[in-house]
């Protein structure tokens, strides 16, 4: 249907009293409780988030954690949400000029609504919005968190990821616009099955690879995939705010719904960790090593108040030095453990299990220098000759992995400080792998990666 702003009216609540309290006083109590319990993990203010849309007593806390991460200077918020009640093709908007909430009305950005209709052929279909909770449940939070903001509610029907992706790409250059992806995760599985599926979903979102994503993983799968693909295209990251399911509230593990929350960071996750969490990363390593030396239990490290990001899978190397001399270095080339688990394992291994050194002693600890490298996903290099390989490696930026059969070795980017010449860098790495300096074969493989160095 053609969009006509002059047909506008105020959208009254359709699920107030069902998904959230209809009265401002009772709703205020929920939000104040969420605010009080909020961990305030991240200083960063984002322009895009993924948040759940179940009843406020089930997923409201996690939705609040995500929505509070948005930059409060934003002037317009897109809300992409799945249509649960009325079937239709493509995407749709509504002709309402305002949406009513218990805390006051939210105005619709009429200019963008008309642009969506004219440029992206998004039809106007008010009926689809009438009792749709996936948009409405977000609005009281938005009204409470933002002093002044307009909204652009968009429902997603039988469509494709590309339709949403094009809209995000088109409006991203306007720094006053933000994006909310409204979606729950797995539906009505047993608790353990749901946890497994939701964790798989989280890892797809966080890795930027949603090629195997399917509708069973999330009701808002199309919108999640669109934002994830947009992030991957721009080398941005989606950082976890939390992961849970309805059993945490209901106690019923037989049939649960999964909830997750992420925010978009305009950079790599490793850059984010270095900027905001270098101290905690190094402290984990120090406490683990000291705990082993003192034969004390360093526990779950809960006293460090680690954010959910430390439950994401990230590959690390832990390097130990004493008086600028190497004292141990152990790490993971591929991300296969959570960041916290990988730091704990590699810190212990670097201190006590590096085969090149005897185990660290208590008397050495006060002289110990600790460095951590956070590794990106290795990228395979296609090359026809050694010269061609070296041309594709950037000094002081790329780490390098080489392998041929059982022979394998890795150098972190920090090794360039000792071996700044590309030829010598590769020769030394071949020797480390147990190969000759001039070795080359048709089965020789190489992978490059980047790392953020924390010391």
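What's the total number of residues in region 147-182 that are touching a helix residue (DSSP H, G or I) at 6+ places or on another chain (Cβ under 9 Å) and not in a helix (DSSP H, G or I)?
Count: 17.
Taking region 336-352 only, how many residues are surrounded by fewer than 21 Cβ atoms within 10 Å (Cβ to Cβ) and touching a strand residue (DSSP E or B) at 6+ places or on another chain (Cβ under 7 Å)?
Adding up the residues that qualify gives 4.
Looking only at strands (runs of 3 or more DSSP E) that lie completely in region 330-426, which have at least 2 residues being over 25 Å from residue 438 (Cα atoms)?
Qualifying strands (runs of 3 or more DSSP E): 368-375.
Out of all the residues in region 95-118, which are assigned to a helix (DSSP H, G or I) and touching a helix residue (DSSP H, G or I) at 6+ places or on another chain (Cβ under 8 Å)?
Correct list: 110, 112, 113, 114, 116.
Please determine whether any residue of region 408-416 is free of Cβ contacts under 8 Å to residues at least 12 places away in the same chain and over 21 Å from residue 327 (Cβ atoms).
no
Could you please let me know if residue 297 is touching a helix residue (DSSP H, G or I) at 6+ places or on another chain (Cβ under 8 Å) and loosely packed, with under 15 Cβ neighbours inside 10 Å?
The answer is yes for residue 297.
Which one is surrounded by the fewest Cβ atoms within 10 Å (Cβ to Cβ) among residues in region 119-145 that are in a loop (DSSP other than H, G, I, E, B) and out of contact with any helix residue (DSSP H, G or I) (no Cβ under 8 Å at 6 or more places or on another chain)?
121
Check whether at least one residue in region 307-322 is over 12 Å from residue 285 (Cα atoms), in contact with a strand residue (DSSP E or B) (Cβ under 9 Å, 6 or more places away or on another chain), surrounded by fewer than 20 Cβ atoms within 10 Å (Cβ to Cβ) and without any contact (Cβ under 8 Å) to a residue 40 or more places away in the chain, and report yes or no.
no
Going through 177, 181, 151 one at a time, which residue ends up being surrounded by 20 or more Cβ atoms within 10 Å (Cβ to Cβ), assigned by TED's automatic domain parsing to the domain that holds residue 261, more than 18 Å from residue 63 (Cα to Cα) and modelled with pLDDT of 95 or more?
Result of the check over 177, 181, 151: 177.
Only one of 64, 36, 30 is surrounded by fewer than 21 Cβ atoms within 10 Å (Cβ to Cβ), assigned by TED's automatic domain parsing to the domain that holds residue 171, modelled with pLDDT of 95 or more and in a helix (DSSP H, G or I). Can you tell me which? Give the derivation first.
Numbers: 64 fails: surrounded by fewer than 21 Cβ atoms within 10 Å (Cβ to Cβ); 36 fails: modelled with pLDDT of 95 or more.
Sole residue among the options that is surrounded by fewer than 21 Cβ atoms within 10 Å (Cβ to Cβ), assigned by TED's automatic domain parsing to the domain that holds residue 171, modelled with pLDDT of 95 or more and in a helix (DSSP H, G or I): 30.
Mind listing just one residue for me: the one in region 312-329 that is more than 30 Å from residue 209 (Cα to Cα) and in a loop (DSSP other than H, G, I, E, B) and, of those, nearest to the chain's Cα centre (by Cα)?
Applying the filter and picking the extreme gives 324.
Which residue out of 309, 282 is part of a helix (DSSP H, G or I) and under 26 Å from residue 364 (Cβ atoms)?
The conditions single out 282.
Could you go through region 202-215 and let me know if any residue there is over 25 Å from residue 337 (Cα atoms) and either surrounded by fewer than 23 Cβ atoms within 10 Å (Cβ to Cβ) or modelled with pLDDT of 95 or more (or both).
Filtering region 202-215 for residues over 25 Å from residue 337 (Cα atoms) gives 215.
Okay, now just the ones that are also either surrounded by fewer than 23 Cβ atoms within 10 Å (Cβ to Cβ) or modelled with pLDDT of 95 or more (or both), so 215.
Yes, region 202-215 contains at least one residue that is over 25 Å from residue 337 (Cα atoms) and either surrounded by fewer than 23 Cβ atoms within 10 Å (Cβ to Cβ) or modelled with pLDDT of 95 or more (or both).
Considering only region 285-306, state which residues are over 24 Å from residue 40 (Cα atoms), without any contact (Cβ under 8 Å) to a residue 40 or more places away in the chain and not in a helix (DSSP H, G or I).
Selection gives 295, 296, 297, 298.
The values are calculated or read from the model by the stated rules, or taken from the named source; none is laboratory data. Just so it is clear, the model here is predicted, and its values are computed rather than measured. All Cβ positions, even for glycine, are placed from backbone atoms using ideal geometry, and neighbour counts span all protein chains on display.
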